[in-house]
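Scroll down for the structure; my scribbles are underneath it.
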Amino acid sequence: MSRDNDRWLTDLREDGEAREAALSELRTALLRNLRQALSRYSVDDAFLEDAVQDTLLRILDRLGQFQGRSRFLTWATSIAIRVALGELRRGRWKDVSLEGVLATAGFVPDQIVDRESPPQAQAERRALLHTLQQLIEHELTERQKTALLAELKGMPQDEIARHLGSNRNALYKLTHDARKRLKRGLETAGYAAEDVVATLPR
Amino acid sequence: MTLSKKEIDSLLRLVGLTRESELNCEQCLALVSEFAERQLAGKSVSESLQHVEHHLSICEECREEYEALRRTLEAVEEQDG
């Protein structure tokens, strides 16, 4: 690959042979990189070809967003990986309902406390979990609760967003706001964030 | 069935790591290629790239994508010598 970033941008923005040659080179490079990136996943050539085709369309649509802070091909590969892994996640979760996921997303503090730990640690843990449960119940909107709990159960963000009629960025804001509310609530109840994290297994 | 201990710990960890201002997934995607190249080269990261690092600690999907990108860059570097 001898093209520098400017060459990629110039050729991809032109009409005619230069653009076709750049697209062909980019397609080949992305296919190679995506095959490498997804070597741990079970995908076939048709899947890779489709993902690269979707990626090329996105890249052409976003050329103006490339800031030149990395190699062009690295940037393009990061988009290809998002496209491909997004498609894989969608395939895995397409038949799973949000309601089904949320039905498994409650928790009973008493059942999560480690009964092997010393009594004082059990009592502290139980109190923390009760506070967390109360905060989820009373401080979060239904939409925040849904998004946060579905994410916790492993549902992909694009899928949650689709169920909520939203998109991944808006969903991130929704769950970010939810986390901020829970953090403030825990702090108000006397639980410093860093202390809570410090007690968790690594 | 309910949330497991692991899932509750994950929630507590996420809440604990939450900052007032965070990158969203799209903003992370715009910067992650630079972050990956600098990490691979063992270079320090700027303040804006530290936000990428934080986002990757919060967002499992972006982290999965970053790790795939990093593995790819390492393999390509090895192949290209």
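The values are calculated or read from the model by the stated rules, or taken from the named source; none is laboratory data. All of these numbers come straight from a predicted model, not from anything done at the bench. Cβ sites come from the backbone with ideal geometry, for glycine too, and all protein chains shown count toward neighbours.
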- Message: Please go through the range A:56-103 and give me each residue that is within 12 Å of another protein chain (Cβ to nearest Cβ) and of a type in the set (S, T, N, Q), ordered by number.
- Response: A:Gln65, A:Gln67, A:Ser70, A:Thr74, A:Thr77, A:Ser78
- Message: Restricting to the range A:29-85, name every residue that is in contact (Cβ under 8 Å) with a residue 60 or more places away in the chain and either under 21 Å from the mean Cα position of the chain (by Cα) or surrounded by 14 or more Cβ atoms within 10 Å (Cβ to Cβ) (or both).
- Response: A:Phe66, A:Arg71, A:Phe72, A:Leu73
- Query: A:Gly86 is checked against (1) over 23 Å from A:Met155 (Cβ atoms); (2) in a helix (DSSP H, G or I); (3) not charged (D, E, K, R) and fails just one. What number does that condition carry?
  - Reply: (1)
- Task: From A:Glu142, A:Glu124, grab the single residue that is modelled with pLDDT under 95 and more than 24 Å from the chain's Cα centre (by Cα).
- Result: A:Glu124
- Query: Just to be sure, is B:Val32 without any contact (Cβ under 8 Å) to a residue 60 or more places away in the chain, facing chain A (nearest Cβ under 7 Å) and more than 12 Å from the chain's Cα centre (by Cα)?
  - Reply: no
- Message: Please determine whether any residue of the range A:158-180 is basic (Lys, Arg) and over 27 Å from the mean Cα position of the chain (by Cα).
- Response: no
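Condition check ((1) under 30 Å from A:Val83 (Cβ atoms); (2) surrounded by 21 or more Cβ atoms within 10 Å (Cβ to Cβ); (3) more than 8 Å from chain B (Cβ to nearest Cβ)) across all residues:
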position: A:Glu139; (1), (2), (3): no, no, yes
position: A:Gln144; (1), (2), (3): yes, no, yes
position: A:Lys153; (1), (2), (3): yes, no, no
position: A:Tyr172; (1), (2), (3): yes, yes, no
position: A:Asp177; (1), (2), (3): yes, no, yes
position: A:Arg181; (1), (2), (3): no, no, yes
position: A:Arg184; (1), (2), (3): no, no, yes
